[in-house]
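Here is the structure we will look at.
The values are calculated or read from the model by the stated rules, or taken from the named source; none is laboratory data. Fair warning: this is a prediction, and the values are worked out from it, not measured in the lab. Heads up, the Cβs are rebuilt from the backbone with ideal geometry, glycines too, and the neighbour counts pull from every protein chain shown.
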């Protein structure tokens, strides 16, 4: 999980270290906080993909941390740890779009399943479904079909990215050229060549021509 970052907010030192050691086995970027104030600071600084937080912590309680985060951030996936099941806090955080509510003592297999679900949610948020069965992952800029990655060069990827940014709209040859090649001298043939190469790797149905104007990609 090289592209996934996880913040662990837990005031119990032994459990936090155990979680950090376990998650570090399959995730390159792990942050740790021992109170709610530090958790908010790390979220603001790094915006991790996933937060695993105890519901009760010093300085700022976990439930309040989640409420503050959700005011500005609806994408970060949140997993709650708690020593209790049905409590007032539980009812308070349920509407805040949690991945899971895990009860201590924590079972690592349950945590692993919750993290897998969070990653699946992240993937769904970042995916744009295109014509002819193709999917564009806007976070990592990868084009796939049936789970298979389409190998694109830097310029080919930039062209697809620009068309997706203006999904379902015509994009002129000149706008495409300026986005891909920046200040280089305009060449319409360069765009023709890129599209031809991409169509060979994908299909003629993915990138469609707009007569005498440019190209467009459709969403489904």
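Considering only residues that are without any contact (Cβ under 8 Å) to a residue 24 or more places away in the chain and under 18 Å from residue 220 (Cα atoms), which ones fall in region 132-150?
Passing the criteria: 133, 135, 137, 142, 144, 146, 147.
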Just give me the residues in region 54-88 being in a strand (DSSP E or B) and over 19 Å from the mean Cα position of the chain (by Cα), in sequence order. 54, 80, 81, 82
Among helices (runs of 4 or more DSSP H) entirely inside region 130-207, those with 2 or more residues being in the same structural domain as residue 75 (by TED's automatic domain parsing) and either buried (at least 18 other Cβ atoms within 10 Å of the Cβ) or within 25 Å of the chain's Cα centre (by Cα) (or both) are none
Taking the stated definitions as given, is residue 115 modelled with pLDDT of 85 or more, in contact with a helix residue (DSSP H, G or I) (Cβ under 8 Å, 6 or more places away or on another chain) and closer than 19 Å to residue 47 by Cα? yes
I want to confirm something. Restricting to region 115-129 and keeping residues that are in contact (Cβ under 8 Å) with a residue 60 or more places away in the chain and within 23 Å of residue 5 (Cβ to Cβ), which single residue is surrounded by the fewest Cβ atoms within 10 Å (Cβ to Cβ)? 128
When you scan region 23-46, how many residues do you find that are farther than 21 Å from residue 65 by Cα and surrounded by fewer than 16 Cβ atoms within 10 Å (Cβ to Cβ)? 4
Counting just the residues of region 92-107 that are within 17 Å of residue 50 (Cα to Cα) and either assigned to a loop (DSSP other than H, G, I, E, B) or not assigned by TED's automatic domain parsing to the domain that holds residue 11 (or both), which one comes out modelled with the highest pLDDT? 99
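Considering only region 11-34, I want to know if a residue exists there that is on the phi > 0 side of the Ramachandran plot and either outside the structural domain of residue 140 (by TED's automatic domain parsing) or without any contact (Cβ under 8 Å) to a residue 24 or more places away in the chain (or both).
The initial filter retains those residues of region 11-34 that are on the phi > 0 side of the Ramachandran plot, namely none.
No - not one qualifying residue is present in region 11-34.
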